[in-house]
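Every read-out reported here was derived from the displayed coordinates using simple, explicitly stated rules and does not represent laboratory data. In this text, all values refer to a predicted model and were calculated from it rather than measured experimentally. Here Cβ is always computed from backbone atoms with ideal geometry, including for glycine, and neighbour counts include all displayed protein chains.
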Amino acid sequence: MLRKYSLWLILVLLGLVTTCQADPIETPTPTIAPPTPTIEPSPTIDWFPRTATPSPVLSPTSVPSQATRISDAEESLIVSDDFSDTQYWQTQSSDTGTVAYETNALSFATNGGKQTVSSLSEHILPAQFFLEINLDALMCSPEDQYGLVLWNNSQSGTFRLWFNCAGQVKLDRVLPSGTSQLVLWQAGRRLQPGSPAFNRIGVWSRQGELEVFVNDTSQFIYPLYSEPTGRLGVITQTGGDLPMTVRVSDLEISEP
């Protein structure tokens, strides 16, 4: 009996061993993590997309009320002064400054300290005329001024057309009783300020009006109540302590 039990126990043990060998313990398969997706860069937002740039539309330049050169200027020309003849303009050298001829020009060197230098010519302006002249500021400060003397000592007084180096223009008149302001300082249209500055000045007196031009652009019209005649001149005046230099050239006077 014991032998049978021992045999049975042996068979049971062999069966368990066989069972263990038939069903091995499964090794868990490692979980493969899914590939990390590549993050694509976000598209750059163009907040200001380029568009075709339209060609700028240029506004037409203001045309002066009258041309600064009359059509029959050659036929009506009464004075053409290239400043090569030294007999037409006064020269000077003093404590206030100098006026001297140079090649085809008249040079004004005015000392600082609010000094005034002027030169009268032998050219007589009639009551009606058209004038053009170059007034070039070669060295100046904003408070300095220069200009033309019109109809010097006429029955209506001496008219003075002023330009300053800040780019303004005005008109006054000198009488024995004093100086009156006819046109106050105003911004000059197309007037080159500062220095060096090159400006072509035009003056037209006709039909009871005085019209002023700078670089072919009308500045103002002042009514005249008489028909003055007198000499033409140039005047310069410093407004501060520094000197100034002005060059005058290429004068033409015509009858309108």
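Whose amide H sits under 5 Å from the amide H of residue 166, counting only residues 5 or more places off or on another chain, with H placed in the peptide plane?
194
Between the range 95-172 and the range 204-238, how far is it from one alpha carbon centroid to the other, in angstrom?
First find each Cα centre; the distance between them is then 13 Å.
Suppose a student asked you for the relative contact order of the range 77-254, using Cα pairs under 8 Å spaced at least 6 residues apart; what percent would you report?
36
Determine ³J(HN,Hα), in whole Hz, for all residues of the range 148-154 in sequence, where each value follows from phi through the Karplus function 6.51 cos²θ - 1.76 cosθ + 1.60 and θ = phi - 60°; x replaces Gly and Pro.
For the range 148-154, the Karplus-derived couplings read 10, 9, 10, 6, 4, 6, 6 Hz, x marking Gly and Pro.
Among 113, 180, 244, pick out the residue whose Cα is farthest towards the positive end of the charge dipole of the range 77-254, where Lys and Arg carry +1 and Asp and Glu carry -1 on C-beta, about the Cα centre.
The residue sitting farthest along the positive end of the dipole is 180.
Please order 244, 139 by the number of other Cβ within 10 Å, starting at the fewest. The partial results should precede the final answer.
Working: 244 28, 139 16.
Going from least to most buried by this count: 139, 244.
What full-extension length gain, to one decimal in nm, is calculated for residue 139 and residue 216 as 0.36 nm per residue of separation minus the Cα-Cα distance?
Additional length available on full extension: 25.4 nm.
So what are the ³J(HN,Hα) numbers for the range 80-97, from phi and the Karplus equation (6.51, -1.76, 1.60; θ = phi - 60°), rounded to whole Hz, Gly and Pro as x?
9, 10, 9, 6, 8, 9, 7, 8, 8, 10, 6, 10, 7, 8, 8, 5, 7, x
Taking H placed 1.01 Å from N in the peptide plane, check which residues at least 5 places from residue 97 or on another chain put their amide H under 5 Å from its amide H.
For residue 97, whose amide H was placed from the backbone, the distant partners under 5 Å are 111.
Give me 85, 250, 95, 136 ranked fewest to most by other Cβ atoms within 10 Å of their Cβ, as a rough exposure proxy. Let's see the in-between values first.
Details: 85 10, 250 14, 95 7, 136 19.
Ranked by crowding around the Cβ, least crowded first: 95, 85, 250, 136.
To the nearest 0.05, how large is the calculated FRET efficiency for residue 174 and residue 114 if R₀ is 25 Å and r is the Cβ-Cβ distance?
So, using R0 = 25 Å, E works out to roughly 0.90.
Read phi for every residue in the range 186-196 and hand back ³J(HN,Hα) as whole Hz from Karplus 6.51 cos²θ - 1.76 cosθ + 1.60, θ = phi - 60°, with x for Gly and Pro.
With coefficients 6.51, -1.76 and 1.60, one gets 9, 4, x, 7, 6, 6, 6, x, x, 8, x Hz.
Quick one: which residues, 5+ away or cross-chain, put their amide H under 5 Å from the amide H of residue 125? H built at 1.01 Å from N.
151, 230, 231, 232
Which value, in debye to the nearest 20, describes the size of the charge dipole of the range 77-254 about its Cα centre when Lys and Arg Cβ atoms bear +1, Asp and Glu Cβ atoms bear -1, and nothing else is charged?
So the magnitude is around 460 debye.
Fewest to most neighbouring Cβ within 10 Å: what's the order for 216, 241?
Arranged by neighbour count, lowest to highest, 216, 241 become 241, 216.
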